[in-house]
Structure formats: structure tokens, C-alpha cells
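Before any comments, here is the structure.
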Amino acid sequence: MNLPNKLTMFRMILIVPFVILLLGGEWGWYRALLGDGLVYTDLAALVVFVVASLTDLLDGKIARKYNLVTNFGKFMDPLADKLLVSAALIALVELGRLPAWVVIVIISREFIISGFRLVASDNNRVIAASYWGKFKTFFQMVMVCLMIADISTLQLLTDVVMWTALVLTVVSLVDYLAKNWAVMGEQK
């Protein structure tokens with residue numbers, strides 16, 4: 001359990017307090033404690049989400065720089081990312097800040113890519129992330145941050161970032177499929 005793997009596990013653990021902070025007011029159990037001060041829990045949820053997102057940058061850089069890449073990390077890092085983003089997106093639907101169909105598109109893309117990676121892995125091939133995928137991830141993270149913050153004066157920016165993230169989700173999927181379609185025909 002090296003440092004990058006610990007950061008990945010830490011990111012997964014942070015999902016729990018993130019969701020509790022973001023949705024706790026909706027559940028009503030701490031509304032009695034905080035009254036209408038729920039904006040502070042959104043701010044705390046935003047801080048937790050940003051910290052969790054930053055661990056994603058750190059674990060990969062550290063693993064590559066110090067040659068600490070492990071099979072555990074190869075499996076858990078993308079899983080932790082998908083769990084964090086999926087939890088955030090689903091919570092934002094619950095809060096009425098994000099349309100469910102957008103989440104369906106984003107999560108569907110992740111399942112399709114994961115399926116391709118499993119087939120490739122079964123054929124001893126590793127498919128690297130593309131720049132489109134990295135741009136998609138960046139815009140999704142910014143979108144989530146803006147939607148957690150829920151600042152009415154930034155609604156136009158939030159909408160533009162959401163649509164950009166959605167377009168990049170589809171473009172990165174098409175790019176991924178086009179570049180890696182041969183994997184589906186390979187036999188072990």
C-alpha cells in the first residue's frame with residue numbers, strides 16, 4: 001500500500017462525508033442542528049470534493065514519477081474517480097441542480113469505456129486515456145464544483161460548462177471507440 005494507493009483509498013473514503021454534507025440537508029436530520037445555514041454544508045461539500053479531486057491528480061503524478069504504479073492502482077484509481085463523480089452527479093440530481101438525462105449520458109459513457117478496458121485487459125492490452133478524456137474529466141469536475149456552489153449569478157457559466165462537459169463526454173467516447181474498436185475483434 002504505497003502513497004498513491006493510499007491517496008486513491010482516501011479519495012474513496014471522502015465520498016461518504018461529501019455525500020452526507022451535500023445531501024444531509026435534504027435528508028432533514030441535521031436541518032434542526034443548522035437551521036437555514038445549509039449553504040455552509042454545500043461549501044464544506046465543495047471543499048471535500050475539491051480535495052478528493054486533487055488526490056486524483058496527485059496519486060497519478062506520484063505513481064509515475066517514483067515508479068510506484070501497481071495493479072491495485074491501475075484498477076482502483078479509475079474506479080475511485082468514477083465513484084466520486086457518479087456520487088456527485090446523482091446527488092446533484094437529487095438536489096434538482098442537474099437533469100437526470102445528463103447523468104445517464106455521462107455514466108453510460110463510463111460503463112462503455114470500462115467494458116472496452118476489460119476486453120482489452122483480457123487480451124493483455126492497456127488502453128491509455130486520451131486528451132479528450134482528460135478534458136472531459138476536467139470539465140466534469142468544474143461542472144460539479146459550480147453546481148455544488150449553486151451561485152445564481154454564475155448560472156450561465158454553469159450551463160456553458162455543463163454543455164461543454166456533455167459534448168466532451170460524447171466526443172471522448174466516439175474518439176475512444178474509433179481508436180480502439182479493433183480490441184473487440186481480438187481473441188485471446
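The values are calculated or read from the model by the stated rules, or taken from the named source; none is laboratory data. Owing to the predicted nature of the structure, the values given are computational and were not obtained by experimental measurement. Here the Cβ is made from the backbone with ideal geometry for all residues, glycine too, and neighbour counts use every protein chain on show. SASA here: full protein model, heavy atoms, side chains in, ligands and nucleic acids out. Shrake-Rupley method; radii C 1.70, N 1.55, O 1.52, S 1.80 Å.
When residues in the stretch 96-128 are screened for being open to solvent by less than 60 Å² (accessible area, probe 1.4 Å), among the hydrophobic types (A, V, I, L, M, F, W, C), at pLDDT below 95 and not in a helix (DSSP H, G or I), 1 of them pass. Within the stretch 129-140, restricting attention to residues that are of a type outside the set (V, I, T) and within 15 Å of L89 (Cα to Cα), the residue that is surrounded by the fewest Cβ atoms within 10 Å (Cβ to Cβ) is F138. Could you go through the stretch 142-150 and let me know if any residue there is open to solvent by 20 Å² or more (accessible area, probe 1.4 Å) and at pLDDT below 95. Checked against the condition, which is being open to solvent by 20 Å² or more (accessible area, probe 1.4 Å) and at pLDDT below 95, the stretch 142-150 yields at least one hit. Looking only at residues of the stretch 43-65 that are farther than 17 Å from A149 by Cβ and in contact (Cβ under 8 Å) with a residue 40 or more places away in the chain, we find that the one that is most open to solvent (accessible area, probe 1.4 Å) is L58.
For A88, the stated conditions hold: it is under 19 Å from F138 (Cβ atoms) and either at pLDDT 95 or above or open to solvent by less than 40 Å² (accessible area, probe 1.4 Å) (or both).
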